[in-house]
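Single-structure report; data block below.
The values are calculated or read from the model by the stated rules, or taken from the named source; none is laboratory data. These figures come from a predicted structure and were not determined experimentally. A quick note on method: Cβ atoms are made from the backbone with ideal geometry, for glycine too, and the neighbour counts reach across all protein chains shown. Protein only, heavy atoms only, side chains kept; ligands, DNA and RNA dropped before computing areas. Shrake-Rupley method; radii C 1.70, N 1.55, O 1.52, S 1.80 Å.
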Number of protein chains: 2
Amino acid sequence: MIFDFLNIQPDNARYFPAERLQLFATSILQALNVPEEHARISADALVSANLRGVDTHGIINLLEYTPMILDGSYTIPQEIRVIRESESTALMSNGNGLGFVGGVYAMRLAIQKAWETGSGQVVICDGRHIGMAAYFSMMALEHDMIGITYTNGSRSVRPILGARTRLGTNPLAFAAPAGKQRPFVLDMATSTVAGRKIELAHNLGVPIPEGWAVDYKGHPITKPPLKRSDAWAQNPLGNTLVQGGHKGYGLAVMIDIMTGVLSGGGYGANMSFGQNYTWVMALDISRIRPVDEFKQMMDDMIIELHSTPPEEGAEQVLVAGDPEADTQVLRMKTGVPFHYDQVKKLNELAASLKVDGLH
Amino acid sequence: MIFDFLNIQPDNARYFPAERLQLFATSILQALNVPEEHARISADALVSANLRGVDTHGIINLLEYTPMILDGSYTIPQEIRVIRESESTALMSNGNGLGFVGGVYAMRLAIQKAWETGSGQVVICDGRHIGMAAYFSMMALEHDMIGITYTNGSRSVRPILGARTRLGTNPLAFAAPAGKQRPFVLDMATSTVAGRKIELAHNLGVPIPEGWAVDYKGHPITKPPLKRSDAWAQNPLGNTLVQGGHKGYGLAVMIDIMTGVLSGGGYGANMSFGQNYTWVMALDISRIRPVDEFKQMMDDMIIELHSTPPEEGAEQVLVAGDPEADTQVLRMKTGVPFHYDQVKKLNELAASLKVDGLH
C-alpha cells in the first residue's frame with residue numbers, strides 16, 4: 001500500500017501463508033452453501049488481493065459478504081448465464097451471486113471472443129462486489145492479451161462542484177504483458193483514494209490528508225467518517241476544478257455508463273450498497289502486431305520509466321503494478337499479515353459457521 | 001473553456017461563421033496539395049473544435065501543420081491502408097499524413113466492425129496530430145454507438161515522483177448517446193491540464209495555478225514556460241502521490257500502450273514532436289440492450305447529476321460535454337472569436353499560399 005500510515009504494524013500482526021487463507025476462505029464460503037467451484041474462484045480472487053497487498057479487498061471482506069449471503073441479499077448458489085451475445089460482445093447475468101464468479105466467467109468469455117474475433121467485451125448485470133479489479137484484467141496476461149475491467153458501485157463520491165454523493169469510486173484496472181519486465185498492471189479508483197482507505201483510516205484512528213473528502217458544503221475534511229452519509233463525500237480524482245477534478249468525475253461517469261447503464265443494472269446515484277456492475281474486455285495483441293515485438297517495446301518503455309531521474313527527496317520512479325508485485329514476492333515468503341483484531345473477527349465468523357479458524 | 005482567465009476577451013476578437021472557417025481551412029490545405037476529401041475532413045475536425053470552444057485544437061493549428069507539410073515531415077497526399085485485420089480489430093496506416101484523415105477512416109472502420117460483430121477497435125501507426133479527440137468518438141453517436149478515442153504524444157509530462165518528462169498529455173475521449181438530454185462527451189488530457197493551456201497562458205502573460213507543472217527538481221512552478229524542455233514538466237492528473245498523481249500517470253501509460261506500443265509506433269519517451277498514435281473503439285449498444293432503454297437511463301442519470309446540490313459558492317453541477325455543447329450553440333449564432341493577432345497570422349499564411357484570407 002502506498003500510504004504507510006495505513007499499514008498494519010508488524011508487531012500487531014499475525015502472518016498466514018496464502019494456501020492456508022485459500023482453504024479458510026473456501027471453507028467459509030462452502031459452509032454458506034456456495035458450490036465448491038464458485039468458492040474456489042472467490043477465495044482465489046480474495047487471497048490474490050491479500051498477496052498483492054490490497055488488503056482492503058482481501059478475505060476480511062468475508063465479514064461483509066456473509067451476512068448478505070445469510071439474509072438472502074445474495075442468491076446462492078448463483079446461476080451464470082449469457083443473456084445476449086454477438087461475435088465480440090455479450091451481456092451476462094451474474095445470477096445475483098458472488099461478484100468474483102461473474103467476473104471470472106465474464107473475462108473467460110471475453111478471452112474466448114478475443115481468440116475468435118480479435119477482441120471481446122462482456123458486461124455483467126445483477127452483479128456484486130468483485131474486489132480487486134486487477135484480478136480479472138490479469139487473467140488476460142497468460143493469453144498474451146490486454147485485459148481491462150471497469151466496475152461501478154453505489155454512491156460515495158461527489159460530482160465536481162457538487163455537495164452530495166452521486167457516484168461510486170468506480171475503479172478501472174488495465175493489464176498488459178511485458179517480456180522480461182513485469183506486466184503493467186494499473187488498478188485505480190477514479191476517486192482520489194479507494195473508499196476503503198478512508199474506512200481504514202477511521203479504524204486506525206488516523207486523519208486523512210486534505211483533498212480526499214469534503215463536508216456537505218464542499219469544504220475539505222480531515223477526520224475520516226466511518227459510514228457513508230449525506231454529511232460528507234469523497235472527492236473525484238483531481239479534487240478541485242482547477243486541478244482537474246472534472247476529469248476524475250468524468251471518468252467515474254464513463255465507468256457508470258460502460259457498466260451500469262450498458263448492462264441496465266443502474267448507475268451510482270440509483271444503486272444500493274453491495275450492487276456492482278462490471279465490464280471486462282480482452283484484446284488479442286497477436287491480431288495487431290507480433291507479440292514478441294509488443295513485449296520488447298513494453299520492456300523498453302518500462303525500463304525508460306524506471307530510469308527517470310527522481311524528484312528531490314524521492315527514491316525511484318515506479319511503474320503501475322510495481323508495489324503490488326513486490327508485495328506479492330514478499331508475502332509468498334512471509335505470509336499475509338493480519339491485525340490481531342482481524343484474526344479474532346475472522347475466527348468468530350468461522351466458529352459461527354462451524355469451520356476451522358485461522359491458527 | 002473552463003478557465004476564464006485563458007479566454008479571448010471580446011473586445012480583442014473578431015468573429016467568423018463556421019462555414020467561412022471551413023472554406024478557409026479547406027483552401028489552405030488544398031493549396032498544400034492535400035486532396036479535396038482529405039482537406040474537407042481535416043477542416044471539419046478543426047472547425048468543430050473551434051465551434052465547441054476547444055480553440056487550442058482549432059484552425060490556428062494550420063500555422064503548425066503548414067511548415068511540417070512544406071518541409072516533408074508530413075507525407076502529402078497520404079495513403080490510408082489497413083495493414084492487419086481481424087473480425088473486430090485492425091491496424092491501420094495513416095500514411096504519415098494528416099492525423100484527422102487517419103482518425104476518421106479508423107473510426108469509420110471501427111463502426112463498420114461494430115455493425116458486423118458488436119464492437120470494433122482500430123489502432124493507427126505512423127499517425128499525426130488528431131486535434132480534438134472527441135471529434136472521432138462523437139462519430140459513433142449517430143449510429144447509436146459508444147465511441148472511445150485514445151491518442152498519445154511526445155513527452156511533456158512527468159511520471160509521478162519523476163523530475164523529467166517521459167509521457168505525452170495522452171488524452172482520452174468517450175462519447176455515449178442520450179435520449180432527450182445531450183450526449184455524454186468526456187474529452188480530457190491525463191495531465192492536470194492540456195499542454196496547450198500552458199502555452200496559451202504564456203502567450204497571454206498570465207500565471208498558471210500551482211499544481212499544473214514542476215521544475216527539474218519537482219518543485220511547483222507558476223510561471224508558464226513557452227517551450228518544452230528538460231527544465232520543467234507538466235504534472236499528471238492528481239499532481240502528488242497523496243492526491244493520486246500515480247493514477248494520472250498510470251492512465252497516461254495505459255494510453256501509451258493502447259496507442260503507441262500496440263501500433264508499434266512508439267511511446268511518449270521515444271517519440272518526436274508531431275508524432276501521435278491513436279486507438280479508437282466503437283461499441284454497438286443494440287447488441288447489449290435495447291437502445292431506447294439505454295438512452296432513457298442515460299437521461300435519468302444526467303438529470304440526476306445536474307440536480308446535485310452544488311457546493312458553497314458554485315452555481316450548478318455540470319456533466320461532461322455541457323460547456324462545449326453550450327459554446328457550440330452560442331458560436332453557431334455569433335461565429336467563432338479569434339484574437340486580432342491570430343487573424344493576422346492566419347491571413348499571412350493565406351497570403352503566402354495565395355488563397356483568400358479571413359475578411
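By the scheme Lys and Arg +1, Asp and Glu -1, what is the net charge of all other residues having a beta-carbon under 14 Å from that of B:R52?
Working: positive: B:R182, B:R331; negative: B:D44, B:D55, B:D187, B:D322, B:E324, B:D326.
Charge balance in the 14 Å sphere: -4.
Using a 1.4 Å probe on the protein chains only, how many percent of the accessible area of chain B belongs to carbon and sulfur? Numbers along the way, then the final one.
Numbers: 6710 of 13060 Å².
Roughly 51 percent, rounded to a whole number.
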Gyration tensor (Cα) of the range B:247-359, equivalent ellipsoid semi-axes in angstrom: 35, 29, 18
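According to the Cα gyration tensor, what semi-axes, each the square root of 5 times an eigenvalue, does the equivalent ellipsoid of chain B have, listed from largest to smallest in whole Å? Intermediate results must be reported in sequence, preceding the final value.
On the way: eigenvalues 150, 140, 115 Å².
Listed largest to smallest, the semi-axes of chain B are 27, 26, 24 Å.
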Cut-off under 5 Å, modelled amide H: who pairs with A:S191 long-range: A:L237
Selection from A:T192, A:L318, B:N203 lying farthest towards where the dipole of the protein assembly as shown points positive, charges on Cβ: B:N203
Axis-nearest residue in chain B [Cβ, rotation onto A], distance in whole Å: B:S88, 2
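Might you tell me the accessible area per residue for chain A, computed with a 1.4 Å probe and given in Å²?
36 Å²
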Karplus-derived HN-Hα couplings along the range B:123-132 (A = 6.51, B = -1.76, C = 1.60, θ = phi - 60°), whole Hz, x at Gly and Pro: 10, 10, 9, 5, x, 9, 3, 9, x, 6
At least 50 Å² accessible surface lost relative to isolated chain, residues of the range A:155-202 (1.4 Å probe): A:L161, A:R166, A:F174
Amide H contacts under 5 Å for A:T75, placed H, 5+ residues apart: A:G97
For A:R84, label point 7 Å along C-beta direction: distances to other copies, nm: 3.3
Whichever lysines have a C-alpha closer than 18 Å to that of A:K354, once near sequence neighbours (fewer than 8 apart) are set aside: A:K344, A:K345
Directionally averaged shadow of the range A:172-284, computed from the convex hull of its alpha-carbon atoms, nm²: 9.4 nm²
Buried solvent-accessible surface, both chains (B, A), 1.4 Å probe, Å² to nearest 100: 7600 Å²
Under the Karplus curve 6.51 cos²θ - 1.76 cosθ + 1.60, θ = phi - 60°, whole-Hz ³J(HN,Hα) for the range B:150-155, x wherever Gly or Pro sits: 10, 8, 10, x, 6, 6
At least 30 Å² accessible surface lost relative to isolated chain, residues of the range A:283-303 (1.4 Å probe): A:L283, A:R287, A:I288, A:R289, A:F294, A:M297, A:M301
Signed unit charges on C-beta, dipole axis of chain B, positive-most listed residue B:G162, B:V280, B:A18: B:G162
Charge-dipole axis of the range B:114-245 as Lys and Arg at +1 and Asp and Glu at -1 on Cβ define it, positive-most pick from B:A233, B:A175, B:I221: B:I221
Entries of A:K217/B:K333; A:K197/A:K247; A:K113/A:K197; B:K113/B:K247; A:K217/B:K223 with Cα pairs more than 27 Å apart: A:K217/B:K333; A:K113/A:K197; B:K113/B:K247; A:K217/B:K223
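Averaged over its residues, how many other protein chain Cβ atoms are within 10 Å of peptide B:233-246's Cβ atoms? It would help to have the intermediate numbers written out before the result.
Details: counts 2, 0, 2, 1, 8, 10, 5, 3, 4, 9, 12, 15, 1, 7.
Per-residue shielding by partner chains comes out at 6.
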Solvent-accessible surface (1.4 angstrom probe) belonging to A:L23, in square angstrom, nearest 10: 110 Å²
Principal axes of the range B:1-149: Cα extent on each, largest first, Å: 54, 35, 24
7 Å along Cα→Cβ, label-point gaps from A:E315 to other copies, nm, shortest first: 4.9
Minimum 50 Å² accessible area buried by the other protein chains, the range B:308-335 residues, probe 1.4 Å, relative to alone: B:T308, B:P309, B:E311, B:E312
Long-range Cα-Cα pairs in the protein assembly as shown (distance over 42 Å), rounded percent: 24 percent
